[in-house]
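Peer 1: Here it is, the structure in full.
The values are calculated or read from the model by the stated rules, or taken from the named source; none is laboratory data. Just so it is clear, the model here is predicted, and its values are computed rather than measured. Ideal geometry is used to build each Cβ from the backbone, glycine not excepted, and the neighbour counts take in all protein chains shown.
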Amino acid sequence: MRLIRFAPLLPLLLAISSPQAAAMADDAELLQAVHAFLHDEASSLGDELIIEVRPPSARLPACEFPEPFLARSGDVPLGRVSVGVRCGSDGRQVRYLQAEIGAMGDYPVLDVPLGAGETVRHEHLTMQSGNLAELPNRALLDPTAIVGQVATRPLSPGQPLMEHQFRSLPLVERNQRVVVEARGSAFRVTREGQALEPGGLGDRVRVRFDSREIVTAAVAGEGVLVVDF
């Protein structure tokens, strides 16, 4: 029987596998740092998060001291996002990774059909569970932001609700006599005037006083507007 020696091949195999293993370890450290960063940034969305970070598409040098940041700062990351990473002790090297973030949570839907012009009440709504990242952009997640709003079009039950599908219930009508409060740190003055346009809660509308003076004030209640100083 002929004996074959494999020992001389061992250094060659190690030479091939070691750089690949080192590269995989570098990628794993980078991906772990980005994953932890995104988890902290998206924690307000709920306890059940789904985070997928795509590894770098090109073979790049190791990212030492990675410091991830959001390409669009200020937004709670949801759906497809771009994550920047500063590398090195001086942070001058920057690379970008793509990630997908999902969050399982509850969102309001209509429990009954709603006609255009109808006002939303608590009993019209029910909560539905799902991945919030799969909802359309600008979908409403807070039911309290919908109750009291007026539907701008007929709406079917069970569908995600969008901002543009509602408008504020008018608390001030055009040409209505209103009370305008001027508020300061140590005073409050009221005057009567005439609203020149309709408005819902928080809307800013023009008001004309009997002196013909015109001011812009925020709607604070039914027939009541406020000017802050």
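Peer 1: Restricting the search to the stretch 52-108, which residues are more than 30 Å from GLY158 (Cα to Cα) and of a type in the set (Phe, Trp, Tyr)?
Peer 2: First, the residues of the stretch 52-108 that are more than 30 Å from GLY158 (Cα to Cα): 53-74, 82-98.
PHE65, PHE69, TYR96 - these are the residues of the stretch 52-108 that are more than 30 Å from GLY158 (Cα to Cα) and of a type in the set (Phe, Trp, Tyr).
Peer 1: Also: Please work out if PRO108 is under 30 Å from ALA58 (Cβ atoms) and either modelled with pLDDT of 95 or more or under 15 Å from the mean Cα position of the chain (by Cα) (or both).
Peer 2: Considered against the rule, which asks whether it is under 30 Å from ALA58 (Cβ atoms) and either modelled with pLDDT of 95 or more or under 15 Å from the mean Cα position of the chain (by Cα) (or both), PRO108 comes out as no.
Peer 1: State which residue is surrounded by the fewest Cβ atoms within 10 Å (Cβ to Cβ) when the search covers only the stretch 26-45 and only residues that are modelled with pLDDT of 90 or more and of a type in the set (A, V, I, L, M).
Peer 2: ALA36
Peer 1: For the stretch 157-208, please list each of the strands (runs of 3 or more DSSP E) lying entirely inside it that holds at least 3 residues being modelled with pLDDT of 90 or more and over 30 Å from ASP111 (Cα atoms).
Peer 2: It comes to 177-183, 188-195.
Peer 1: Has the stretch 179-186 got at least one residue that is within 26 Å of THR152 (Cα to Cα) and out of contact with any Phe, Trp or Tyr (no Cβ under 8 Å at 6 or more places or on another chain)?
Peer 2: no
Peer 1: Another question, if that's okay. Which pairs turn up if I take residues in the stretch 32-54 that are of a type in the set (Gly, Ala, Ser) and look for partners that are part of a loop (DSSP other than H, G, I, E, B) with beta carbon separation below 7 Å, at least 6 apart in sequence or on another chain?
Peer 2: As it stands, the answer is ALA33/PRO66; ALA42/VAL76; ALA42/PRO77; ALA42/LEU78; SER44/VAL76, since those pairs meet every condition given.
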